[in-house]
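Note sheet for the following structure.
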Amino acid sequence: MTKRQTFFTYLVVGPFAIVLAFPFYFALVTMFKTDLDLANAQHSPFLYNDLEGNFHWDFWNYATTGEVTFLFTDTNFPTWIVNTVLVAAAVVGITLLLALPAGYALARLAGGWGQSAGVAIFLVYLLPPTLLFLPLSRLITNLDLKDSLWSLILVYPSFTIPFATWLLMGFFKTIPHELEEAALVDGCSRLSALVRIIFPVSLPGILTVVIFAFSLCVNEFIYAFTFVSSSEQRTISAGIPNDLIRGDVFYWQSLMAATVIPAIPLALLYNAFLDRFIKGFTGGAFR
Amino acid sequence: MTDTADELVSPSSALTREDLLKRGAAAAFAVGMFGGLSEKAFGFAGPHRYTHRQLAGELRIMTWAHFVPAYDQWLDNVYVKQWGEQNDVDVKVDHINNAFLYSTGASQVAAQSGHDLFWFISPPSTFQRQAIPVTDIVQEVSRKLGRMAKVARKSTYNPRTKQFYGFPDDYAPDPVHYRKSFIEEVGGSLRTWEDVRRAAPKLKAIGHPMGLGMSNEIDSNMLLTSLLYCYGGFIQNEENKIVIGQGKNRTGAIEALQLMRDIFRNGMTDEVFAWTAASNNQAFVAGRLSVALNAISITRTAENSGNTALSDDTWLASIPRGPVMRMGNEHVMGVYLIWKFAQNKENAKKFLVDTMLGYREHFIRSQYYNFPAWTGAIQGGFKTIRQMTAQDTHKPKGKYTILTTIAEKYTTNPGFPGNTTPVMDEIFNTYLIPQMFAEVAQGKSTPAEAVRAFDRKAQAIYRKWRNRGLV
């Protein structure tokens, strides 16, 4: 890439990066602000200010870690993170366990009605969660799973599996039949061909499913809030808005910290698989 | 085939970053899911929490996340534990953001499953078919503490069924918060609503507008209904019939709407139409507002922020007087319901009675936010309460004593002079009152048209609940 090309690349990408990173910057600044600095409308919200509203280069002397400490010592935030990871891991596992064979079967083995069945399964995903709330709520009550992470582990796959099945079905269809046939001729069983040939080339699709299922578990609010009542059993999506807003009082610094802190490992995790995603999305599933 | 496979699958003996992530996640999951099993070795019956004693039962309580976190900590870790030990009951308290109380209550009703005791921030009379009457424990407490405060009685008693559908434990007065220096600067006063009308443009001119909400949230509901009382624009009469569209009530409502339109046009900004319940608090604490109506969370937040310039300048006052009266709604009316599907009704009743009999500590721990529904819960009644509030050390000294006057004389229930019927509850929860005021303030309706439209909707709601036998 020439210097000129590099310059134009950064010229285009730079503003996007700034816009996208700005909310994180704002949250990062806010989480260390003192109450006096934060509450004063005359002070710049993007910098640390002294009592008169002036900026100093030794800004750390005008910031505080008190609210972040509060988040970890006086709330159940660490527990919410652990709960979220547990639920997400379980849901991702269940989703892959069921959607992978289902997607493959619909793509390869179901014949003409496979496509229709795939669309029908996808339509299930389009049902608004609010409509499913009542029957699922009764189900959770009858199973005595209320106020337990298991309620979410049971319910979330009902959203993730239809979409994942439909998505994977599409990925499997892009893989030439000849690959499996060659594997079968070479002595592989169908299961072995699936595991050794099809799944590896479908990795971008599988990772997309993982991201989708994981993100849903992190973001979902309605079920996380209504099925789980106790603070120590909540996930972050329900715990943060519930415990860090008390009546009329918003714990802004802690809210910002609670938003930024889980985002950092998630960003690193997604980045670890970034090359796979790019390959999958830009180059197709098959090289 | 082999070549292709080699190309597609690239096994490696080295531990890649993906392997590391996978193994780490699997280990964390296993530990998280099953690591705590030993703690659950008691099986389905649950642990015997108190040594050598068989639990008499359980009690699950849902309440709000109090704006004083220390109150919740005391409630959960001290009060409830002690009560549980004394009564051999395993008590669990869950707290939720007050904005989610109503919807969570509705979801529990829909699922016919949830907590034994559910606390609401305003009288939840639309739920009364889903709750057991608590007249027996109301009478029991009244025998020991004297009469229930009128605001609490009118909020929870249904004259049609002749039952108390809910158990009130506390209410919060709704004082005017104002910046003394700003009011003095413009030479204004907040004694009457006419004074407020005159002061509004001057305060806006000095960059500190008033903050009187007209939005779909509880503070706006409380304030604007209070304004209707002050002008005699009562929504319902003592027999709980909708009368806002008739005679003097209609005239009073129109005058109240005109007043609010004037205050908005000359003394406020558009933001009041999009406020949440926390907005007036935040704008006041940020130093922008000169006047707001709210419970004392504003002053307490200002005090806790360390901004003494703000907190020392923040004073409390009674609601301004109108042409007909000086009267305001409570800001919070805490009402417990015992669901019909509750598993532990007797424990719930015992908890409520015991809590009310010892409410003095709750009043103190809540920093004078939770006024007891039975004033007699504090020996000496309002006289003692006045002395207690006078002891608050924050400047200006003695500012909290006005709460006693407001609670005693100028606090009533939504639906005054009638009861807080399901009609009023539905009007509140569909935010018809702020919408009526906003329509007029924005110039979309004349006051007369807005009152007519509101009356039509309120009458329809009344007929619905009349047919259900609750009004």
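The values are calculated or read from the model by the stated rules, or taken from the named source; none is laboratory data. Remember, predicted model here, so these are calculated numbers, not experimental data. Cβ placement follows ideal geometry from the backbone for every residue including glycine, while neighbour counts extend to all protein chains displayed.
Exactly one residue among A:Tyr251, A:Tyr223, A:Tyr270 is in the same structural domain as A:Asn142 (by TED's automatic domain parsing), among the hydroxyl-bearing types (Ser, Thr, Tyr) and modelled with pLDDT of 90 or more, and that residue is A:Tyr223.
One residue alone among B:His48, B:His66 is crowded, with 16+ Cβ neighbours inside 10 Å, modelled with pLDDT under 95 and either among the acidic types (Asp, Glu) or not in a helix (DSSP H, G or I) (or both), and that residue is B:His66. Restricted to the range B:445-455, and to residues that are without any contact (Cβ under 8 Å) to a residue 24 or more places away in the chain and in a helix (DSSP H, G or I), which residue is surrounded by the most Cβ atoms within 10 Å (Cβ to Cβ)? The extreme case among them is B:Ala453.
From the list B:Ser215, B:Ser297, B:Ser290, the lone residue that is in contact with a Phe, Trp or Tyr (Cβ under 7 Å, 6 or more places away or on another chain), of a type in the set (Ser, Thr, Tyr) and under 19 Å from B:Ala438 (Cβ atoms) is B:Ser215. Residues in the range B:409-426 that are assigned to a helix (DSSP H, G or I) and touching a Gly at 6+ places or on another chain (Cβ under 9 Å): B:Val423, B:Met424, B:Asp425. For the range B:88-110, a residue qualifies if it is among the hydrophobic types (A, V, I, L, M, F, W, C) and within 21 Å of A:Leu134 (Cβ to Cβ), and the qualifying residues are B:Ile96, B:Phe100, B:Leu101, B:Ala106, B:Val109, B:Ala110.
Scanning the range B:241-274 for residues that are of a type in the set (A, V, I, L, M, F, W, C), outside any helix (DSSP H, G or I) and within 24 Å of B:Ser189 (Cα to Cα) yields a single hit, B:Met268.
Cβ-Cβ under 7 Å, sequence separation 6+ or interchain: first residue in the range A:31-50 and at the interface with another protein chain (Cβ under 10 Å from one of its Cβ atoms), partner among the hydrophobic types (A, V, I, L, M, F, W, C). Which pairs? Pairs found: A:Leu36/A:Leu51; A:Leu38/A:Trp252; A:Ala39/B:Val285; A:Ala39/B:Ala286; A:Asn40/B:Ala286; A:Ala41/B:Ala286.
With A:Thr130, A:Thr160, A:Thr141 as the choices, which residue is away from every other protein chain (no Cβ under 14 Å), among the polar types (S, T, N, Q) and not in a loop (DSSP other than H, G, I, E, B)? Among A:Thr130, A:Thr160, A:Thr141, only A:Thr160 is away from every other protein chain (no Cβ under 14 Å), among the polar types (S, T, N, Q) and not in a loop (DSSP other than H, G, I, E, B).
Does B:Phe167 qualify as being touching a Ser or Thr at 6+ places or on another chain (Cβ under 8 Å), within 14 Å of another protein chain (Cβ to nearest Cβ), crowded, with 24+ Cβ neighbours inside 10 Å and on the phi < 0 side of the Ramachandran plot? So B:Phe167 fails the test.
Apart from one condition, B:Ala277 fits all of (1) within 14 Å of another protein chain (Cβ to nearest Cβ); (2) not in a loop (DSSP other than H, G, I, E, B); the exception is (2). On inspection, A:Gly118 passes the criterion of being of a type in the set (Gly, Ala, Ser), surrounded by 15 or more Cβ atoms within 10 Å (Cβ to Cβ) and either modelled with pLDDT under 80 or farther than 12 Å from A:Phe159 by Cα (or both). Only a single criterion out of (1) assigned to a helix (DSSP H, G or I); (2) within 21 Å of the chain's Cα centre (by Cα) is not satisfied by B:Ala295, namely (1). For the range B:317-374, the set of residues classified as among the polar types (S, T, N, Q) and surrounded by 18 or more Cβ atoms within 10 Å (Cβ to Cβ) consists of B:Ser318, B:Asn329, B:Asn344, B:Asn347, B:Thr355, B:Ser366, B:Gln367, B:Asn370, listed by residue number. Scanning the range A:51-90 for residues that are closer than 29 Å to A:Ser231 by Cβ, aliphatic (A, V, I, L, M) and either touching a residue at least 60 places away in the same chain (Cβ under 8 Å) or in a loop (DSSP other than H, G, I, E, B) (or both) yields A:Ala63, A:Val68, A:Leu71, A:Ile81, A:Leu86, A:Val87, A:Ala88, A:Ala90. The residue of the range B:73-104 that is surrounded by the fewest Cβ atoms within 10 Å (Cβ to Cβ), among those that are within 12 Å of chain A (Cβ to nearest Cβ) and farther than 21 Å from B:Ile338 by Cβ, is B:Gln73.
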